[in-house]
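Worksheet: the structure to be examined is printed underneath.
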Amino acid sequence: MLIAITREVSPAIADCELTHLEREPIDPARAAAQHHEYERCLEQLGCRVQRLPVEPTLPDSVFVEDAAVVVEELAVITRPGAVSRRPEVVSVAQALKAYRPHGFIESPGTLDGGDVLRLGKTLFVGLTQRTNPEGIRQLAALLAPFGYEVRAVPIADCLHLKTAVTQVTADTLLINQAWIDASVFAGWKLIDVDAAEPFAANALQVGDTVIYPTSFPATRAKLEHHKINVLPVDASELGKAEGGVTCCSLIFPA
Ligand code: CIR
């Protein structure tokens, strides 16, 4: 059984952090409706959705992925790079207590879960504005006893590593090579995003299906051409908050 931890959209979402996007009005009700549809997709794919209570004063709290990195043996509670986001980890840690022992990223380390792409026993971690070398060092130290290797990947032009690359099948990654050097993924098959859709590399693989935003039709056609099952969701409202489909859940075996 897969657990998917999610959280209700904050009514303060319009005050979210923004790094690479211009601020546009965000309709919290529309964002919430799209988010509920996303949760229904997770359920359809066999996840038990555990929705955390709304955090009315934490604008970005729907993006639960950034608050933890969960592997079979441990839940690493992060220290998000954006100061406004640090209180989000308290309730995520509380929810994860039922499933895993905890490790913690501590000051001066910073790490956002959106920077962590796990491929088997290797975790690729973006070195970004949000995740610093000390955060990566601490993550590596916490996971080394369980046989995981952590590899830092410098990222300059997008928010998180998973803005630039995600896994879409057992042996395939969806990637925007303008934002990440693909040579670190030697041995993996790569599907490039359509050049007109730079934000299209964030897909959420659940089993043999990929939850994928409707906003990127040209890249979606490429996924389908590769015979990948795509479950489309309209994630456009949270997209204005610089969030993608991986950001809104923490998925792990119970
Ligand atoms: C932020 O800047 O932190 C939020 N507005 C967006 C976070 C998206 N999270 C993710 O990609 N994992």
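The values are calculated or read from the model by the stated rules, or taken from the named source; none is laboratory data. In this text, all values refer to a predicted model and were calculated from it rather than measured experimentally. When we count neighbours, we look across all protein chains shown, and the Cβ atoms used for this are built from the backbone with ideal geometry, even at glycine. Side chains included, ligands, DNA and RNA excluded: accessible areas come from the protein's heavy atoms. Shrake-Rupley method; radii C 1.70, N 1.55, O 1.52, S 1.80 Å.
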- If you check Ala98 against the conditions, is it small (Gly, Ala, Ser), within 16 Å of the ligand (Cβ to nearest atom) and surrounded by fewer than 20 Cβ atoms within 10 Å (Cβ to Cβ)? no
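Name the single residue that is nearest to the ligand (Cβ to nearest atom) among those in region 82-92 being touching a residue at least 12 places away in the same chain (Cβ under 8 Å) and outside any loop (DSSP other than H, G, I, E, B). Working first, answer last.
Taking region 82-92 first, the residues touching a residue at least 12 places away in the same chain (Cβ under 8 Å) are 82, 84-85, 87-89, 91-92.
Next cut, outside any loop (DSSP other than H, G, I, E, B) only: 84-85, 87-89, 91-92.
Values: Ser84: 8, Arg85: 6, Pro87: 13, Glu88: 10, Val89: 13, Ser91: 16, Val92: 13 Å.
Going through the qualifying residues, I end up with Arg85.
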- Item | Complete set of residues in region 56-81 that are among the small types (Gly, Ala, Ser) and within 15 Å of the ligand (Cβ to nearest atom) | Ser61, Ala67, Ala68, Gly81
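Scanning for something of a type in the set (A, V, I, L, M, F, W, C) and without any contact (Cβ under 8 Å) to a residue 12 or more places away in the chain, does region 201-220 turn up at least one residue?
Checked against the condition, which is being of a type in the set (A, V, I, L, M, F, W, C) and without any contact (Cβ under 8 Å) to a residue 12 or more places away in the chain, region 201-220 yields no hits at all.
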- Item | Condition check for Val193: touching a residue at least 24 places away in the same chain (Cβ under 8 Å), touching a helix residue (DSSP H, G or I) at 6+ places or on another chain (Cβ under 6 Å) and open to solvent by less than 60 Å² (accessible area, probe 1.4 Å) | yes
- Note on the structure: The condition of being within 16 Å of the ligand (Cβ to nearest atom), at pLDDT 95 or above and out of contact with any strand residue (DSSP E or B) (no Cβ under 7 Å at 6 or more places or on another chain) holds, among Lys240, Lys162, only for Lys240
- Message: Can you say whether Val90 is open to solvent by 20 Å² or more (accessible area, probe 1.4 Å) and either farther than 17 Å from Gln138 by Cβ or out of contact with any helix residue (DSSP H, G or I) (no Cβ under 6 Å at 6 or more places or on another chain) (or both), as far as the supplied structure shows?
- Response: yes
- Yes or no: Pro53 under 13 Å from Ala241 (Cβ atoms) and surrounded by fewer than 22 Cβ atoms within 10 Å (Cβ to Cβ)? no
- Please enumerate the residues belonging to region 106-129 that are under 15 Å from Ala164 (Cβ atoms) and away from the ligand (no atom under 12 Å from the Cβ). Leu119, Phe124, Val125, Leu127
